[in-house]
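Here's the structure, in structure tokens; my notes come after.
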Amino acid sequence: MKLLRLLVVVTLYGTLVSPRFAAAQAQAPQALVITAHNVTAEAAGVRKNSAVATPGDVIRYALVFTNVTAGPVKNIQFVDPIPQGTVYVLGSAAADRPVRLEYSIDGGKTYSARPVIAVVQDGKQVEQPAPRERYTHVRWTVLRTQISEAPGVK
């Protein structure tokens, strides 16, 4: 199962995936592998090091989940924090299997499919969609997986 989200780098510079994390992934098969690709730098093809993000770059994070159990799984949750110095690209989260997507704007304390904030307009408090800068986490709930995804096996 592949889970994707896009982020825009706003102010901080940094590497996308630490070398230690990447090396640990290469040692043994894991149920969850996270990668990051600098879409802006790769598309431009002019930067020597696309692993360094600069303000305005779009970063694609991919979380690849493999069911390593003997049976189907459901309601597995992945809490995906949005790195500091980046903002979530609204509507960019997607998966190739059924998932429930929820977002937090309070550091992961609460989640909602459509976070809202309270604002005062004309002296009255009203709710409006939270701006993307307020998003702190994406929570993916895997609704179900199959025992095997090999061709011809059900």
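The values are calculated or read from the model by the stated rules, or taken from the named source; none is laboratory data. None of these values were measured; they are calculated from a predicted model. Cβ coordinates were reconstructed from backbone atoms using ideal geometry, including for glycine residues, and neighbour counts include every protein chain displayed. What goes into the accessible areas is simple: the full protein's heavy atoms, side chains included, and nothing from ligands, DNA or RNA. Shrake-Rupley method; radii C 1.70, N 1.55, O 1.52, S 1.80 Å.
The table for this structure:
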| read-out | value |
| --- | --- |
| Output for region 72-120, where each listed residue is closer than 30 Å to Val52 by Cβ, of a type in the set (Asp, Glu) and not in a strand (DSSP E or B) | Asp96 |
| Among (1) at pLDDT below 85; (2) open to solvent by 80 Å² or more (accessible area, probe 1.4 Å); (3) of a type outside the set (Lys, Arg) - the single one Val52 does not satisfy | (2) |
| When residues of region 94-109 are limited to those that are of a type outside the set (Lys, Arg) and modelled with pLDDT under 90, the one surrounded by the fewest Cβ atoms within 10 Å (Cβ to Cβ) | Asp96 |
| Residue match in region 32-46 (condition: touching a Ser or Thr at 6+ places or on another chain (Cβ under 8 Å), among the hydrophobic types (A, V, I, L, M, F, W, C), open to solvent by 40 Å² or more (accessible area, probe 1.4 Å) and part of a loop (DSSP other than H, G, I, E, B)) | no |
| Selected residue [under 17 Å from Val33 (Cα atoms) and assigned to a strand (DSSP E or B)] from Thr141, Thr69 | Thr141 |
| Options Val9, Val68, Val73, Val89: the member that is modelled with pLDDT of 70 or more and touching a strand residue (DSSP E or B) at 6+ places or on another chain (Cβ under 6 Å) | Val89 |
| Qualifying position, being surrounded by fewer than 16 Cβ atoms within 10 Å (Cβ to Cβ) and in contact (Cβ under 8 Å) with a residue 40 or more places away in the chain, among Val89, Val64, Val73 | Val64 |
